[in-house]
1. Here's a check for you: in the range A:289-338, which residue that is outside any helix (DSSP H, G or I) and more than 14 Å from chain B (Cβ to nearest Cβ) is nearest to C:G152 (Cα to Cα)?
2. When the residues of the range B:36-58 are filtered to those that are buried (at least 24 other Cβ atoms within 10 Å of the Cβ) and polar (S, T, N, Q), which remaining residue is farthest from ligand 2 (Cβ to nearest atom)?
3. Return the only residue of B:I35, B:I89, B:I31 being part of a strand (DSSP E or B) and away from ligand 1 (no atom under 16 Å from the Cβ).
4. Which residues, counting only those in the range B:43-58, are within 14 Å of chain A (Cβ to nearest Cβ), more than 6 Å from ligand 1 (Cβ to nearest atom) and out of contact with any helix residue (DSSP H, G or I) (no Cβ under 9 Å at 6 or more places or on another chain)?
5. When you look at B:T124, is it of a type outside the set (F, W, Y), over 30 Å from B:H219 (Cβ atoms) and more than 16 Å from ligand 1 (Cβ to nearest atom), yes or no?
6. Could you run through the range A:53-87 and say how many residues are open to solvent by 40 Å² or more (accessible area, probe 1.4 Å), in contact (Cβ under 8 Å) with a residue 60 or more places away in the chain and not in a loop (DSSP other than H, G, I, E, B)?
7. For the range B:108-123, name all the residues that are outside any helix (DSSP H, G or I) and under 24 Å from the mean Cα position of the chain (by Cα).
Amino acid sequence: MIKHILKRLALLIPTLFGVITLVFLMIALAPGDPARIMLGERANAEQIAQLRAELGLDKPLIQQYGLYLSRVVRLDLGKSIATGQQIAREIADRFPATIELAWYAMIFATVVGMFLGVTSAIRRNTWVDYTTMGGALVGVSMPVFWLGLVLIMVFSVWLNLLPTGGRMNIRYYFTPITNFYVIDGILLWIREGTPKYLWSAIQHLLLPTIALGTIPLAIIARTTRSSMLEVLQQDYIKTARSAGIREKRVIYRYALKNALLPVITVIGLQFGLLLSGAILTETVFSWPGIGRWIYISIGARDYPAVQGGIIFISTFFVLINLAVDILYSVVNPKIRLQ
Amino acid sequence: MAEKKEILLSIQNLSFSFDTQRGVVNAVRDISLDIRKGETLTLVGESGCGKSVTAHAINQLNPMPPGKVDHGKIMFRGTDLLTLKRHEIEKLRGTQISMIFQEPMTALNPVFTVGAQIADVFMTHQHMTKQEAMERTIDLFKLVKIPAPERRVNSYPHQLSGGMRQRAMIAMALASPEPGLMIADEPTTALDVTIQAQILDLLNDLKHKIEMSILLITHDMGVVAEMADRVVVMYAGRKVEEADVFSIFETPRHPYTLGLLNSLPSNTKYKNARRLEAITGTVPDMRTIGAGCPFENRCAYASEKCGQEFPTETVLGESHSVWCHNYHMVKEG
Amino acid sequence: MKSSETMDIPRIKEPTPLQETWYHLKKNKGAMTGLGIITMFVLMAIFAPIVSPRDPLAQQISERLTPMFTNGYIFGSDDLGRDMLSRLIYGARISMTIGVVSVGISLFFGIIIGVTSAYYGGTFDKIVMRLIDIMLAFPYILLTIVIVSLLGPSLTNAMVAIGISQVPRYARVVRASVLAEKESDYVLAEKALGAGNFELMFLTILPNCLSPTIVQATLGVGEAILNSAGLSFLGLGAQPPTPEWGLMIASSKQFITNAWWIVTLPGLAILLAVLGFNLFGDGLRDILDPKMRN
Ligand SMILES: Nc1ncnc2c1ncn2[C@@H]1O[C@H](COP(=O)(O)OP(=O)(O)OP(=O)(O)O)[C@@H](O)[C@H]1O
Ligand SMILES: [Mg+2]
């Protein structure tokens, strides 16, 4: 297993290297003068010259690349043009919001998706199966941002049940502790004796979680179903049944653990994609995370910020894939015991 | 065999079909057989003739749907197994009726240790702690002669050899509180010859030790000779001959049985018998099969009648019956 | 039963793979529904100028935010008084084009890379596969954003970006099936007859391993439509006043409180179109992939 993981780690480095290179090229090869584009038409020559110097744009491309690499390796992502803040700082501030949303969306997608997948596999070719799989197909065909807007329209505008965006009721004058608002809500409940922060955090999480989680949910349900169907045909399931193991146990222990292998891969992949999909969802729900920040930075032509955000999310994506790979080999004794 | 023991399992006129997308497969048609206490009955026939479907019908292991019982009864200790609900049959599985499968490579769950899988059977049927179950499992491993059992229970299937896995399967089938019926569906087909002999010895040994009945499925007449008390020969879903093992080898009366014996390499007795087309022809499509004898298209003795109706039983002796219009010709063969 | 000697036995023609696929397809309800939806959108795209009741760009400020089925606006009008139905119909034209062009780009490069890398094998193949692994390890939504940022935001560039970002996937699918085919008898026979590398790769092997690629491409069109809508929503794809579905949703966000249709309808159009390709692609996969057939 160690060998397997080391192999994966070896792939990690060129991948991150590729990401950084691509992101570097994004500015270097962009048509026109990046400094001018970033500062806009009204900037004067002096400001532009200063930014060029700051970004090293006046040096030859190779040298720029070397500089950029050495900075990124030292985790120095530069300063945001729009705010003048350190980009690493901006990311650190926003990351909890993104990860909190992605986390709940993923739990929602995994739990519901796997349940639906297993159910339709054991009820194969019944109306339960057709409805679930039809729904899942609709789920994967939907644009996330649109789903978000429709949810807002129905639950916030028409029914007036849930907030349209943000993370916390703004009238609460709430100062975050960990920046994970659900945790903060619980902490404040203990400290101040009122569950209102927790309640508000949950209310704000609900719609974005559903919006962000629906596509992975549908994909997980489809994968679980087909994986389950395949596993249920295997001889060892017959063996378990022939030994009198109860059907529930056969399905939820003997079959599911095997069916889990491809599902784990999909879950990991979806979790990674979720972070990039967060650009759309966070934008729709005014969720103050990295995705929305990248969106705003794109609009503001704050290239260093966009670069930093993309490097960060890609790194995270790659790391999640690595984690999933390790988890995969833990669940699969054939790899674990190699 | 002095006195006849009581009947443990009795399949009566079982017909079983699969409703597939490409048509109805009549996998088993009008099969009857009895298994007595402590007896080994072998079910022989070539691949696809419905042996497994018959065996799996006993403890409801055929997938239903698409599978369906069209007709028949399976009596076991006074109840018709086919009428049992799922939770009722689940109680019999692994307690009174246990099973060993053909492919030791795929019949054990790859993500659990063999010990855990067997211990789970103990814990399902008998109130035991995990520890007790594991100890019993180790005992069973000793019984089926798995070396270093304390270590082996913690192995995953892929860490064991084919023979070892099959022994583990047998151990699992023995994890029952009382000896009853063991269904062994080609338990040695996937193993090489020496291991095969060991496993068969083990089964024979166990049979005497704990007085269980065995329904042994095989398409290897060598295995039949080694193991069987009685033999049922199947062809394309039909029973074509039934006899004690002695009669099958000495006086086979169905052309197909003769063909099977011919395929035994070591058997010189049948060398000069008329060579059957059984070797060249193929099993008919189970979906389009007609009312006649399914063996007709490959049979060297076929007459016009054979294509029209399936023969009725001809009783040849106390324990020998054949279903063939022209069985008397085979005699001369 | 008729005796066969006295009858003229009609010669049974072996069905071509295409005929056989069509035969199975006809029995697959999902696939046929998908095909129906796709056909509808393709027809809409081709005949957009004929079937759309008004000019999709003409603004009629006095009639802005007209609800559905009012004043001759079947699907209402948007915030600038443009006819929603006409915009949706023209949107089909844009989305179908995006789908086909970007998948075309992915296919073109994916096939070349996949075929050559599988055919030549060795170090070349190793390097290509490593690069593909790296690209696949990069979330493709971000990849398209990077590419669009490089090229500048526009519909064409969005298409190119989506096309390029999916090349590794197609390369991998093609490579796998070429690897499975390249040692077959008919390939070796052609080789013995002196066929050149190009001929072997693209005329002999490729046609025999198109099935998985076709499935991937069908599903890919739907995905491309979704992605381009996403890019447009972020302002990185189509620019106003283009009647692109994603952009239509983006520019009507603030009207969800009082004009539900201008947000909902373009989304439904996307959903339906993508659903069509997914249904059809799933059906094709069931038919063309023998492993999935039961
Ligand atoms: N689940 C199923 N669905 C459809 N047809 C089935 C199914 N299971 C078995 N059959 C059909 O039933 C017939 C008998 O199969 P069975 O497995 O009993 O053969 P067998 O005698 O055990 O052969 P083998 O020696 O290969 O194990 C075959 O024609 C097979 O195609
Ligand atoms: Mg069998």
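1. Quick first cut of the range A:289-338, residues outside any helix (DSSP H, G or I) only: A:289, A:300-302, A:332, A:337-338.
Then drop every residue that is not more than 14 Å from chain B (Cβ to nearest Cβ), which leaves A:289, A:300-302.
Values: A:G289: 25, A:A300: 14, A:R301: 11, A:D302: 14 Å.
Out of the qualifying residues, it is A:R301.
2. Per the criteria, the residue is B:T40.
3. Values: B:I89 fails: part of a strand (DSSP E or B); B:I31 fails: away from ligand 1 (no atom under 16 Å from the Cβ).
B:I35 is the lone residue from the list that is part of a strand (DSSP E or B) and away from ligand 1 (no atom under 16 Å from the Cβ).
4. Within the range B:43-58, the subset within 14 Å of chain A (Cβ to nearest Cβ) is B:52-53, B:55-58.
Pick out the ones that are also more than 6 Å from ligand 1 (Cβ to nearest atom) and you get B:55-58.
Passing the criteria: only B:A55.
5. Details: of a type outside the set (F, W, Y): yes; over 30 Å from B:H219 (Cβ atoms): yes; more than 16 Å from ligand 1 (Cβ to nearest atom): yes.
In short, yes.
6. 2
7. To start, the set of residues in the range B:108-123 that are outside any helix (DSSP H, G or I) comprises B:108-113.
Once the filter is applied, which keeps residues that are outside any helix (DSSP H, G or I) and under 24 Å from the mean Cα position of the chain (by Cα), the range B:108-123 yields B:L108, B:N109.
Yes or no, residue by residue, for (1) touching a Pro at 6+ places or on another chain (Cβ under 7 Å); (2) over 30 Å from A:G308 (Cβ atoms); (3) within 14 Å of another protein chain (Cβ to nearest Cβ):
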{"position": "A:L75", "(1), (2), (3)": "no, no, no"}
{"position": "A:S80", "(1), (2), (3)": "yes, no, no"}
{"position": "A:D93", "(1), (2), (3)": "no, no, no"}
{"position": "A:A109", "(1), (2), (3)": "yes, no, no"}
{"position": "A:W158", "(1), (2), (3)": "no, yes, yes"}
{"position": "A:R167", "(1), (2), (3)": "yes, no, no"}
{"position": "A:F174", "(1), (2), (3)": "no, no, no"}
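The values are calculated or read from the model by the stated rules, or taken from the named source; none is laboratory data. What you are looking at is a predicted structure, and each value in this text was computed from that prediction instead of being measured. Positions of Cβ are backbone-derived with ideal geometry, glycine not excepted, and every protein chain shown enters the neighbour counts. Calculation scope for accessible area: heavy atoms of the full protein, side chains included, ligands and nucleic acids excluded. Shrake-Rupley method; radii C 1.70, N 1.55, O 1.52, S 1.80 Å.
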